[in-house]
Amino acid sequence: MKKAEARRTATGGTRSEQTRSRILAAAAQVMRTHTYAELRLSDIAKVANMETGSLYYHFDSKDDLVNEVTNIGLGKLNDVADEAAKALPESATPLERLEACLRAFTVEIHSSDDFIASAVRVLGQLPTSMQGAYWHKTVATATFWDRMFAAAVASGELRADLHPGISRRLVLSAIMRSAEWPKSERKHPELIAETLIAITFEGLKAKGDAIPF
């Protein structure tokens with residue numbers, strides 16, 4: 001039984017869960033502005049107003065804490081795109097669905113949610129030994145977006161001569177990397193989203209001539 005679980009059993013959960021939530025929130029706040037290599041439990045404990053040693057009562061290690069924060073953030077981010085797609089009327093075209101999802105995804109990455117921002121920031125910095133923990137989430141995410149791009153190609157709204165999987169990787173990579181821009185350049189997430197969509201789909205929309213590969 002994990003240490004945190006033992007405490008929840010002894011206390012009925014309320015105090016332990018509140019403390020655990022406070023630690024997670026503090027970790028997300030620190031991870032948002034620090035690389036994985038820079039991250040120290042002492043910094044997290046300071047934000048959580050706790051002693052560093054007390055963190056080990058709830059989490060076995062720094063990596064254990066980072067894993068949980070990242071899982072929470074990725075889960076929230078995936079839900080945003082899915083909800084954006086479901087919110088559209090049935091009459092929406094595949095391209096309209098894709099644009100709505102990309103818009104929501106981009107805005108959310110630049111939102112005030114520390115869990116999402118920290119997950120996006122730290123994901124590519126984690127050691128290979130830790131990245132396997134997110135394999136199922138990343139595969140599910142890639143599958144969702146591949147289907148969105150492929151549907152827009154199949155409907156004739158996006159160019160058929162461009163590989164939808166490559167398009168997805170390029171677009172999502174650009175969005176994810178934008179989370180690392182200086183704070184002064186991330187003040188208007190809606191503008192970032194609209195600019196990205198305009199640049200992307202003016203280049204991807206079907207126009208006639210194919211690229212000669």
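The values are calculated or read from the model by the stated rules, or taken from the named source; none is laboratory data. These numbers were taken from a predicted model, which means no experiment stands behind them. As a convention, Cβ positions derive from the backbone with ideal geometry for all residues, glycine included, and neighbour counts pool all protein chains shown.
Odds and ends about this structure:
- Close pairs from the stretch 148-159: first in the same structural domain as Asp82 (by TED's automatic domain parsing) and within 12 Å of Arg97 (Cα to Cα), partner buried (at least 17 other Cβ atoms within 10 Å of the Cβ) and hydroxyl-bearing (Ser, Thr, Tyr), Cβ under 9 Å, at least 6 apart: Phe149/Ser167
- Selection from the stretch 139-157 of residues that are modelled with pLDDT of 85 or more and among the small types (Gly, Ala, Ser): Ala142, Ala150, Ala151, Ala152, Ala154, Ser155, Gly156
- Inside the stretch 158-187, residues that are among the acidic types (Asp, Glu), at pLDDT below 85 and either over 13 Å from the mean Cα position of the chain (by Cα) or more than 20 Å from Gly73 (Cβ to Cβ) (or both) make up a count of 1.
- Tally of residues being closer than 25 Å to Leu123 by Cα and assigned to a helix (DSSP H, G or I) across the stretch 85-113: 13
Quick grid of which residues meet (1) closer than 18 Å to Asp114 by Cα; (2) surrounded by fewer than 16 Cβ atoms within 10 Å (Cβ to Cβ); (3) among the hydroxyl-bearing types (Ser, Thr, Tyr); (4) modelled with pLDDT of 90 or more:
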site: Ile72; (1), (2), (3), (4): yes, no, no, yes
site: Leu77; (1), (2), (3), (4): yes, no, no, no
site: Ala84; (1), (2), (3), (4): no, no, no, yes
site: Ala87; (1), (2), (3), (4): no, yes, no, yes
site: Glu90; (1), (2), (3), (4): no, yes, no, yes
site: Arg97; (1), (2), (3), (4): no, no, no, yes
site: Cys101; (1), (2), (3), (4): no, no, no, yes
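- Evaluating Ala133 against the criteria (1) at pLDDT below 90; (2) within 18 Å of the chain's Cα centre (by Cα); (3) aliphatic (A, V, I, L, M); (4) within 17 Å of Cys101 (Cβ to Cβ) leaves one unmet condition, (4).
- Condition met for Ile175 (of a type in the set (A, V, I, L, M, F, W, C), in contact with a Lys or Arg (Cβ under 9 Å, 6 or more places away or on another chain) and closer than 30 Å to Val30 by Cα): no
- The single residue among Thr19, Thr9, Thr52 that is modelled with pLDDT under 90, over 26 Å from Arg186 (Cα atoms) and not aliphatic (A, V, I, L, M) turns out to be Thr9.
- Criterion violated by His110 - all others in (1) surrounded by 19 or more Cβ atoms within 10 Å (Cβ to Cβ); (2) modelled with pLDDT of 85 or more; (3) over 21 Å from Glu202 (Cα atoms) satisfied: (2)
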